[in-house]
Amino acid sequence: MSDSDTNRVFLLAERPTGRPDEDTFDLAEREIPEPGPGEALVRTLYLSVDPGMRGRMRAGESYAEPWGVGDPLQARAVGEVVESNGAGFEPGDVVAGRFQWADYTTVRGADLTAVDPDVAPISTYVGVLGAPGLTAYFGVQDVTEPKAGETFVVTGAAGAVGSVAGQIAKLDGARVVGFAGSDEKVEFLEEDLGFDAGINYKTTDDYGAALDEAAPGGVDAYFDNVGGEITDAVFPRLNVDARVGVCGQIALYNATEVPTGPRKLTTLIETRATVEGFLVYDYSQRFEEATRKLGEWVQSGDLQYRETVTEGLENAPDAFLGLFDGENIGKQLVKVGDRRA
Ligand code: NAP
């Protein structure tokens with residue numbers, strides 16, 4: 001954490017080709033900004049790093065504006081208000097919003113939400129009670145809609161979104177199978193989160209055979225965070241009227257060419273399955289309802305969560321790059337500072 005009067009800010013140094021690396025990031029020193037009318041100056045406490053940030057490093061169209069080369073990187077974050085210029089918050093208030101990868105950011109008060117530390121630790125407002133939790137909530141309740149007795153499969157199952165999605169499907173009464181990248185993660189799914197089965201895709205050569213064993217009755221609901229070959233194995237195992245929610249495709253985010261075939265779409269004719277891509281921000285009108293429900297589940301113990309916390313803003317690039325190696329269990333966060341108020 002920086003106690004100096006300067007503001008450390010990460011900039012996009014260059015657009016990566018393929019996998020980003022340390023050359024993608026540039027740590028600059030800037031003056032602490034002054035909040036304009038209606039803005040607050042916030043000091044970052046917890047910064048989120050997300051796979052979706054890879055899309056914003058690309059020049060082309062995506063669902064969010066690309067970052068410009070030389071511009072500050074942005075992230076969902078939790079921070080403490082230092083100064084308010086009519087932003088509707090007081091110094092010392094803990095708030096969540098979109099900040100820069102920086103010690104300090106100015107944010108419009110209208111774009112900040114209050115964080116209630118009585119519901120859960122403040123870090124959860126960028127994790128289980130933030131965008132990842134909301135993505136899981138709507139992807140399960142509105143897109144894949146598992147019913148009691150059905151089989152629900154989730155990829156990236158031990159990550160921020162996947163770990164919550166699988167637990168919500170369990171609360172809905174489904175049989176839940178998760179794909180994850182280590183034995184430790186599979187144990188976390190089965191022992192801590194109550195999944196019915198976990199598959200370590202890094203030690204399994206034949207994803208189809210592993211699925212036949214873990215989900216012998218086929219797949220009714222598929223929550224896809226990963227894409228690629230695991231999805232190729234799931235499609236032929238979809239049941240009639242199955243629902244597929246395409247949440248993320250991390251296996252393809254660093255690809256320089258989109259891989260071709262084999263195509264598994266005939267399954268969709270036979271099963272009349274529905275495939276739906278979705279974006280959490282399309283549900284923003286219902287964020288309050290969903291955050292309240294997630295908070296209740298966390299407080300009742302029905303929803304468990306894990307966080308992997310990297311210390312220090314200067315290590316944010318490593319934390320981000322680690323997502324592509326599966327270094328995180330649950331939500332990957334960067335701790336930038338402690339509360340002072
Ligand atoms: P996360 O799952 O916490 O972290 C990413 C995980 O992906 C890693 O821990 C790693 O776990 C796995 N992974 C990395 N490369 C992989 C590969 N080549 N094949 C298979 N698994 C791989 O991240 P998250 O924030 O929860 O996001 C999960 C997905 O949801 C991402 O694709 C993200 O873009 C998407 N998302 C979508 C929305 C939306 O609105 N649609 C919102 C938020 C997130 P392993 O050890 O298991 O490999």
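The values are calculated or read from the model by the stated rules, or taken from the named source; none is laboratory data. Quick caveat, the model's predicted, so the values are computed rather than measured. Counting neighbours? That spans all protein chains shown, and the Cβs are built from the backbone with ideal geometry, glycine included.
Scanning the range 51-66 for residues that are touching a residue at least 40 places away in the same chain (Cβ under 8 Å) and either more than 23 Å from the chain's Cα centre (by Cα) or within 16 Å of the ligand (Cβ to nearest atom) (or both) returns PRO51, GLY52, MET53, ARG54, GLY55, MET57, ARG58, TYR63. Within the range 12-70, being acidic (Asp, Glu) and either in contact with a Ser or Thr (Cβ under 6 Å, 6 or more places away or on another chain) or within 21 Å of ARG108 (Cβ to Cβ) (or both) holds for GLU29, GLU31, GLU34, GLU39, GLU65. For the range 16-50, the set of residues classified as farther than 24 Å from ALA131 by Cα, in contact (Cβ under 8 Å) with a residue 40 or more places away in the chain and aliphatic (A, V, I, L, M) consists of LEU27, ILE32, listed by residue number.
GLU61 meets each of the listed conditions (1) within 20 Å of LYS331 (Cβ to Cβ); (2) modelled with pLDDT under 95; (3) not small (Gly, Ala, Ser) apart from (1). When GLY166, GLY159, GLY130 are screened for being over 18 Å from GLY194 (Cβ atoms), within 14 Å of the ligand (Cβ to nearest atom) and at pLDDT 95 or above, only GLY130 passes. For the range 191-210, the candidate set comprises residues that are in a loop (DSSP other than H, G, I, E, B) and surrounded by fewer than 19 Cβ atoms within 10 Å (Cβ to Cβ); within that set, the residue that is nearest to the ligand (Cβ to nearest atom) is LYS202. Restricting ASN315, ASN239 to those that are in a strand (DSSP E or B), at pLDDT 95 or above, away from the ligand (no atom under 16 Å from the Cβ) and surrounded by 13 or more Cβ atoms within 10 Å (Cβ to Cβ) reduces the list to ASN239. One residue alone among LEU294, LEU303, LEU333 is among the aliphatic types (A, V, I, L, M) and assigned to a helix (DSSP H, G or I), and that residue is LEU294.
Among the numbered criteria (1) more than 14 Å from the ligand (Cβ to nearest atom); (2) buried (at least 16 other Cβ atoms within 10 Å of the Cβ); (3) among the basic types (Lys, Arg), which one does ARG339 miss? For ARG339, the failing item is (2). Residues that are crowded, with 22+ Cβ neighbours inside 10 Å and within 14 Å of the ligand (Cβ to nearest atom) within the range 211-229 comprise TYR222, PHE223, ASP224, ASN225, VAL226, listed in sequence order.
Yes/no matrix, rows are residues, columns are (1) assigned to a loop (DSSP other than H, G, I, E, B); (2) at pLDDT below 95; (3) touching a Gly at 6+ places or on another chain (Cβ under 6 Å):
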{"position": "ILE230", "(1), (2), (3)": "no, no, no"}
{"position": "ALA233", "(1), (2), (3)": "no, no, yes"}
{"position": "ASN254", "(1), (2), (3)": "yes, yes, yes"}
{"position": "GLU257", "(1), (2), (3)": "yes, yes, no"}
{"position": "PRO262", "(1), (2), (3)": "yes, yes, no"}
{"position": "THR267", "(1), (2), (3)": "no, yes, no"}
{"position": "GLU289", "(1), (2), (3)": "no, no, no"}
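When THR260, THR291 are checked against the criterion of being away from the ligand (no atom under 14 Å from the Cβ), among the polar types (S, T, N, Q) and either within 14 Å of the chain's Cα centre (by Cα) or closer than 23 Å to LEU171 by Cα (or both), THR291 stands alone in meeting it. The set of residues in the range 172-190 that are closer than 17 Å to PHE223 by Cα and loosely packed, with under 14 Cβ neighbours inside 10 Å contains only GLY173. If you go through the range 169-190 and keep only what is within 20 Å of GLY133 (Cβ to Cβ), of a type in the set (A, V, I, L, M, F, W, C), part of a helix (DSSP H, G or I) and within 13 Å of the ligand (Cβ to nearest atom), you end up with PHE188, LEU189.
Just to be sure I understand, how many residues within the range 133-153 are near the ligand (Cβ under 10 Å from one of its atoms), of a type in the set (Val, Ile, Thr) and within 16 Å of GLU296 (Cβ to Cβ)? Count: 0.
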